[in-house]
Amino acid sequence: MTAEAVSDHGLWFRVENGSAASAVRRAAERLGRQLEIGEARTADLAIVAAELTSNLVKHAEDGVLLLRPVRRGGQAGVELVAIDSGPGMADLTVSSRDGHSTAGTLGIGLGAIMRQTDWFDGYSRPGKGTVLAVQVWPQEPLPELSWVSALTRPITGESVSGDGYAVRIAEGRHQVLTCDGLGHGSLAAAATDAALAAFRGAPAGSPATVVQHLHRSMSHTRGAALAVAELDADAKLLRFAGLGNISASVVAEGERRRGLVSLPGIAGHQRPVVREYDYPFPAGASLVMHSDGVVDRWQLDDYPGLLGSSPLVMAATLLRDAGLRRDDACVLVARAAW
């Protein structure tokens, strides 16, 4: 592990044995100093990173951990997401109490994690594995929880992902972008980076208007599949426009998953047909968008209670179970804030 700065894309660690603990801890401390969260919080962060890694070593199967910056409300903090396919837990709350252990240890790991972090969320099912997500911020007051979160992961063997996402609020419009640059590696990442930059700088407009803007802005790249969604609180609607194989669904408790329409095409090439569609988006609903590096056969019925988790934990759970190692992958989850 080099001493380079940790980018906003973050670092993924595969945690197979105890040797990963020191690498994760050093990277976490480096990121804490990079973001200037202060010596005390950086020390807390090191404890959290060590405990999360230790839990993966002791209890997990196929354990991985993501370390990345998180920015909201003019502040920068550190986010860690631990994901595994291990035995899972029937009750995460009970397992978080000091003294509870399934491995013959003192059982202080999860309790210590919760005490040292500013935000904690998780999802676990017996036999299905566990996702734990935490954030460490430099000071209070803490920023409000985000209405959207996403994860990207490169194909096995690559250091960069050709998939990406972006979030913006433009003249009151809450919009998100999910993008899949054609192919893999640096050229795919360059296409996605161009889409993200164009999205952030696009004039305020409907999703279809923004997609047209992205198409015009990407002619110098190899192109990408992409989709833009807008959550309209006043109308209780979700507006959506997509090109290519970006999958998107609206999910809500007690309702069937509803797939959204994305038209054939490649942003940046040819003259694609762009159409916008409106969908009901009631209180409590979630939008799930993902690239074709995530198999589109997941069903919410397989995850009791997952809709009650944060968008970050929901995205991480779906990435774990439906993400393909032979392709870049991206999962975005946005939730109605009304």
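A Cβ-based charge dipole, computed about the Cα centre of segment 133-199 with Lys and Arg at +1 and Asp and Glu at -1, lands at about 80 debye. Extension gain for the segment Asp8 to Ala90, taken as residue separation times 0.36 nm less the Cα-Cα distance, is 26.2 nm to one decimal. Summing charges over all other residues whose Cβ lies under 11 Å from the Cβ of Thr117, with Lys and Arg as +1 and Asp and Glu as -1, gives -3. Tyr279 sits among other residues whose Cβ lies under 14 Å from its own Cβ, and their net charge, with Lys and Arg +1 and Asp and Glu -1, is +1.
For every other residue with a beta carbon closer than 12 angstrom to the beta carbon of Leu56, add +1 if it is Lys or Arg and -1 if Asp or Glu, then tell me the sum. Cβ neighbours under 12 Å give a net charge of -3.
Phi angles of segment 46-59 translate, via the Karplus equation with coefficients 6.51, -1.76, 1.60 and θ = phi - 60°, into HN-Hα couplings of 4, 5, 4, 4, 5, 5, 4, 5, 4, 4, 5, 5, 6, 10 Hz per residue; Gly and Pro are given as x.
Indicate the gyration tensor shape class of segment 226-338 (rounded, prolate or oblate), computed on the Cα atoms with a ≥ b ≥ c the square roots of the eigenvalues: a/c under 1.5 is rounded; otherwise a/b larger than b/c is prolate and the rest oblate. Note, shape of segment 226-338 comes out oblate.
Is the shape of the chain best called rounded, prolate or oblate, per the rule: a/c under 1.5 gives rounded, else a/b larger than b/c gives prolate, else oblate, with a ≥ b ≥ c the square roots of the Cα gyration tensor eigenvalues? Prolate, because a/c is 1.5 or more and a/b exceeds b/c.
Converting phi to 3J(HN,Hα) with the Karplus coefficients 6.51, -1.76 and 1.60 and the offset θ = phi - 60°, segment 132-147 yields 10, 10, 9, 9, 10, 10, x, 6, 8, x, 6, x, 5, 4, 6, 7 Hz in sequence order, with x at every glycine or proline.
Computed with a 1.4 Å probe over protein heavy atoms only, the accessible area of Lys128 comes to about 130 Å². For the chain, adding -39500 (n - 2.57) for each run of n ≥ 4 DSSP H residues and dividing by the number of residues yields -8500 deg cm²/dmol at 222 nm. In this structure the amide hydrogen of Arg125, modeled in the peptide plane, comes within under 5 Å of the amide hydrogens of Met89, none closer than 5 places in sequence on its chain.
The values are calculated or read from the model by the stated rules, or taken from the named source; none is laboratory data. These numbers were taken from a predicted model, which means no experiment stands behind them. Neighbour counts are summed over all protein chains in view; Cβ atoms, including those assigned to glycine, are modelled from backbone coordinates with ideal geometry. Side chains included, ligands, DNA and RNA excluded: accessible areas come from the protein's heavy atoms. Shrake-Rupley method; radii C 1.70, N 1.55, O 1.52, S 1.80 Å.
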